[in-house]
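Okay, structure first, notes after.
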Amino acid sequence: MNKTDVLIIGAGPTGLFCAHQLGIIGLSCEIVDNLDKAGGQCIELYPDKPIYDIPAVPECTGEELTNNLLKQIKPFNIKFHLNERVEELKKNQNRWHVKTSGGVEFDVAAIVIAGGVGSFEPRKFSVKECEKFEGGSLFYSIKDKSIFKDKTISIFGGGDSALDWAIELSNVSTVNLIHRRDGFSGVESSVQKVKELNDQGKLNLFTKYQMDSLSGDKQIESVKIKHDEGEIKEIKSDYVLGFFGLIMQLGPILDWGLNINKKTVEVNTKNFETNVSGIFAIGDICSYPGKLKLILSGFHEGALAARGCFKYAKPDEKLRFEFTTTSKAAQERLGIKK
Amino acid sequence: MAKITYHTHDNKTHKIDVQKGLTVMEGAIQNDIPGIDADCGGGMACATCHVYVKEEWLDKLPAKEDGEEDMLDMAFEPKNNSRLSCQLIVSDELDGLEVNIPSKQG
């Protein structure tokens, strides 16, 4: 059981800055995120794209922003629980008992949901029978690549994941790469490599095709793909891989008794608390009149929510407003030596 | 104002006057038309405002930027007439546009 003052759900910029604000006022926190790294949408959707509207930072990429925020919270030694999704919340007297998908448990005074538009889940095939094979012979991510050795693999998608795996697996497997158009969104060097391998007969590239259907009993035996113009091809396949990026799903948050409106959680603008006392929501996931989905708004919301958490974490103490420029306590917490 | 027609997956037709300058996505969101999620808020960073444009309108729309085609790879059941509605800015030229909203966005 991890005992801490506040649990932050979501390691995007908003969650990270909220952790900083909690640290400054002397509260401890831990952060859970469904992805394998911190940064949220900034890292997952646009790591290399410049952002121009962070106050006092004329230009930075999603990755730079994330790294700077991580640097800013370093003094607080915050514990991250990555690859974990919060599944269950239970009120336990004045505290919350929280459980994640991986069985990690927390005992906390308050919860800050900074979950963006929900947790990232792989986008799936729309063909119905895919569900039946998922996890057995159809995958959206690869955990153990050794199972593909000497097998026939059909990979769908045109981004970096699809291209990288097609290239790598072509060394040990028969690979079919199927994509809906001639253009690819992956990096040019990988696109060239795939085309080369196709010319050399080391990989079979099918463009302007999409999945039509799958057949097989317990395991996939073949996949039918359909061309833009209607022609259908059947290709033998032991495994099917789909790489269509990630989609955001609210998931278990829907079951926590919060007021949800169009995939967002309603909050007050005084301290960004939800209708459930002790649960706050900040960043893209919260809504209130005038809400702007900007990172800078998330920072503001995090600063106020952190102060809102104080009365739950330290009910007998009074929080005094202080500036980091002059507060000895804040500077000590930041580890600043004078 | 320009008239935009949204055909939703439940076979309903919504004819909406959308203010010029807004996007086709915003027109749907502001009028509570179901089926457009627009998770990223119009930043071409997701594909959850995906619509199918009525064929006769395809050539009349502004061309796609590279990023839009890349994102459409991620859309649910993309077709040749797929567009991201956040990239379609309503103007006089778009008056009368008809789009179909897919059965789901992900």
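Data table
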{"read-out": "Residue within segment B:62-69 that is surrounded by 23 or more Cβ atoms within 10 Å (Cβ to Cβ), within 11 Å of another protein chain (Cβ to nearest Cβ) and assigned to a loop (DSSP other than H, G, I, E, B) present", "value": "no"}
{"read-out": "Unique match (being touching a Ser or Thr at 6+ places or on another chain (Cβ under 7 Å) and either of a type outside the set (D, E, K, R) or free of Cβ contacts under 8 Å to residues at least 24 places away in the same chain (or both)) among A:57, A:32", "value": "A:32"}
{"read-out": "Odd one out for residue B:16 among (1) under 23 Å from residue A:116 (Cβ atoms); (2) crowded, with 16+ Cβ neighbours inside 10 Å", "value": "(1)"}
{"read-out": "Odd one out for residue A:230, checked against (1) away from every other protein chain (no Cβ under 14 Å); (2) exposed (fewer than 15 other Cβ atoms within 10 Å of the Cβ)", "value": "(1)"}
{"read-out": "Top-ranked residue in segment A:158-174 [being touching a residue at least 12 places away in the same chain (Cβ under 8 Å) and over 20 Å from residue A:124 (Cα atoms); ranked as nearest to the other protein chains (Cβ to nearest Cβ)]", "value": "A:167"}
{"read-out": "Criterion (crowded, with 18+ Cβ neighbours inside 10 Å, part of a helix (DSSP H, G or I) and at pLDDT 95 or above) met by exactly one of A:177, A:197", "value": "A:197"}
{"read-out": "Filtered residues of segment A:181-190 (kept if within 13 Å of chain B (Cβ to nearest Cβ) and either surrounded by 19 or more Cβ atoms within 10 Å (Cβ to Cβ) or within 26 Å of the chain's Cα centre (by Cα) (or both))", "value": "A:184, A:185, A:186, A:187, A:188"}
{"read-out": "Of all residues in segment A:234-282 being among the basic types (Lys, Arg), surrounded by fewer than 17 Cβ atoms within 10 Å (Cβ to Cβ) and in a loop (DSSP other than H, G, I, E, B), the one that is farthest from the other protein chains (Cβ to nearest Cβ)", "value": "A:270"}
{"read-out": "Test for residue A:145: is it basic (Lys, Arg) and within 25 Å of the chain's Cα centre (by Cα)", "value": "yes"}
{"read-out": "Extreme residue, surrounded by the most Cβ atoms within 10 Å (Cβ to Cβ), among residues of segment B:39-61 that are at the interface with chain A (Cβ under 9 Å from one of its Cβ atoms) and more than 12 Å from the chain's Cα centre (by Cα)", "value": "B:46"}
{"read-out": "Positions within segment A:17-45 being assigned to a helix (DSSP H, G or I) and modelled with pLDDT under 95, in sequence order", "value": "A:41, A:42, A:43, A:44"}
{"read-out": "Condition met for residue B:48 (touching a Gly at 6+ places or on another chain (Cβ under 7 Å) and farther than 16 Å from residue B:91 by Cβ)", "value": "yes"}
{"read-out": "Single residue of A:155, A:178, A:113 found to be touching a helix residue (DSSP H, G or I) at 6+ places or on another chain (Cβ under 7 Å), of a type in the set (A, V, I, L, M, F, W, C), touching a residue at least 40 places away in the same chain (Cβ under 8 Å) and within 14 Å of chain B (Cβ to nearest Cβ)", "value": "A:155"}
{"read-out": "Selection count where residues are part of a strand (DSSP E or B) and surrounded by 17 or more Cβ atoms within 10 Å (Cβ to Cβ), scope segment A:100-121", "value": "12"}
{"read-out": "Sole exception among (1) surrounded by 14 or more Cβ atoms within 10 Å (Cβ to Cβ); (2) outside any strand (DSSP E or B); (3) in the same structural domain as residue A:311 (by TED's automatic domain parsing) for residue A:164, by number", "value": "(3)"}
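The values are calculated or read from the model by the stated rules, or taken from the named source; none is laboratory data. Bear in mind that the values here come from a model prediction, so they are computed numbers and not experimental data. Glycine gets a Cβ as well: all are built from the backbone with ideal geometry, and neighbour counts include every protein chain shown.
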